[in-house]
Amino acid sequence: MRRNEALAPLSRDHHKGLFAAMKLKRAADDTAAGARGVFLAYWESDGRRHFQVEEEVLLPAWARHGAADHPAVVQVLTEHVDLRRRGGDVAAEEAPSLDQLHELGERLERHIRHEERVLFPLIETTLPEDELAELARTIEEAESVGR
């Protein structure tokens, strides 16, 4: 299914996140520092802002038409907290363990897949077309802040 244009910028961010997740999941003793660097670069350039846009723009738009405590929304929010914490741990440690890197990669990938396969289709089928068009403008504006 083709992604609605309103969510396309977030899906593009997901491609970058999946690349970082893959690097983390494949990290070995000789590639761990590089994988950590790829994740931190992603987090600083896209990931942190991406989470903020979802929390401040996307999910409130959903909540006009769906339950704020919908399981898909609750999962996204709790995973954001977990990923921020794990990412912070990886950032704080010069040489995090391979287990830490692998776990962060696994969780980041699962999170992105959930958003793409569950949350985004839910939003696309729930929001009226005019609100999706407005959401597209709002997401573009929010994503351009800080770039």
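Return yes when R86 is among the basic types (K, R), out of contact with any Cys (no Cβ under 6 Å at 6 or more places or on another chain), outside any loop (DSSP other than H, G, I, E, B) and without any contact (Cβ under 8 Å) to a residue 60 or more places away in the chain and no when it is not. Give the steps one after another, and end with the answer.
On the way: among the basic types (K, R): yes; out of contact with any Cys (no Cβ under 6 Å at 6 or more places or on another chain): yes; outside any loop (DSSP other than H, G, I, E, B): yes; without any contact (Cβ under 8 Å) to a residue 60 or more places away in the chain: yes.
The answer is yes for R86.
Conditions tested, residue by residue: (1) closer than 14 Å to H111 by Cβ; (2) modelled with pLDDT of 95 or more.
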residue	(1), (2)
N4	no, no
L7	no, no
L10	yes, no
K16	yes, yes
A20	yes, yes
L24	yes, yes
A27	no, yes
W43	yes, yes
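S97: among the polar types (S, T, N, Q), surrounded by fewer than 16 Cβ atoms within 10 Å (Cβ to Cβ) and under 16 Å from L10 (Cβ atoms), yes or no?
Values: among the polar types (S, T, N, Q): yes; surrounded by fewer than 16 Cβ atoms within 10 Å (Cβ to Cβ): yes; under 16 Å from L10 (Cβ atoms): no.
It is false that S97 is among the polar types (S, T, N, Q), surrounded by fewer than 16 Cβ atoms within 10 Å (Cβ to Cβ) and under 16 Å from L10 (Cβ atoms).
Determine if the stretch 54-68 includes at least one residue that is β-branched (V, I, T) and in contact with a Ser or Thr (Cβ under 9 Å, 6 or more places away or on another chain).
Applying the first criterion (β-branched (V, I, T)) to the stretch 54-68 yields 57.
Those still in the list that are in contact with a Ser or Thr (Cβ under 9 Å, 6 or more places away or on another chain) too: 57.
Within the stretch 54-68, one or more residues are β-branched (V, I, T) and in contact with a Ser or Thr (Cβ under 9 Å, 6 or more places away or on another chain).
Taking the conditions exactly as written (more than 17 Å from P9 (Cα to Cα), under 18 Å from the mean Cα position of the chain (by Cα), surrounded by fewer than 18 Cβ atoms within 10 Å (Cβ to Cβ) and in contact (Cβ under 8 Å) with a residue 40 or more places away in the chain), does E106 satisfy them or not? Steps first, please.
Numbers: more than 17 Å from P9 (Cα to Cα): yes; under 18 Å from the mean Cα position of the chain (by Cα): yes; surrounded by fewer than 18 Cβ atoms within 10 Å (Cβ to Cβ): yes; in contact (Cβ under 8 Å) with a residue 40 or more places away in the chain: yes.
In short, yes.
Would you tally the residues in the stretch 51-76 being loosely packed, with under 15 Cβ neighbours inside 10 Å and either closer than 22 Å to K16 by Cα or under 13 Å from the mean Cα position of the chain (by Cα) (or both)? Spell out how you get there, then give the answer.
Within the stretch 51-76, the first condition is being loosely packed, with under 15 Cβ neighbours inside 10 Å, and the residues that meet it are 55-56, 60, 63-65, 67-69, 71, 74.
Going one step further and asking which of them are either closer than 22 Å to K16 by Cα or under 13 Å from the mean Cα position of the chain (by Cα) (or both), we end up with 55-56.
Number satisfying all stated conditions: 2.
When both residues are 6+ apart or on different chains and their Cβ atoms are under 7 Å apart, which pairs have a first residue that lies in the stretch 38-60 and is free of Cβ contacts under 8 Å to residues at least 24 places away in the same chain, and a second that is open to solvent by 30 Å² or more (accessible area, probe 1.4 Å)?
These pairs meet every condition: V38/K23.
Restricting attention to the stretch 109-147, and to residues there that are over 22 Å from Y42 (Cα atoms) and not in a helix (DSSP H, G or I), which single residue is nearest to the chain's Cα centre (by Cα)?
This residue is L127.
Output the helices (runs of 4 or more DSSP H) that fall wholly within the stretch 1-66 and possess 3 or more residues being over 15 Å from P96 (Cβ atoms), or say none. So that I can check it myself, show each step before the final result.
Numbers: elements: 8-25, 32-42, 48-53, 59-63.
Qualifying helices (runs of 4 or more DSSP H): 8-25, 48-53, 59-63.
The values are calculated or read from the model by the stated rules, or taken from the named source; none is laboratory data. Just so it is clear, the structure is predicted and the values come from calculations on it, not from any experiment. Methodologically, a virtual Cβ is constructed for each residue, glycine included, from the backbone with ideal geometry; neighbour enumeration extends over all protein chains shown. Just so you know, the surface numbers come from the protein's heavy atoms only, side chains and all, with ligands and any DNA or RNA stripped out. Shrake-Rupley method; radii C 1.70, N 1.55, O 1.52, S 1.80 Å.
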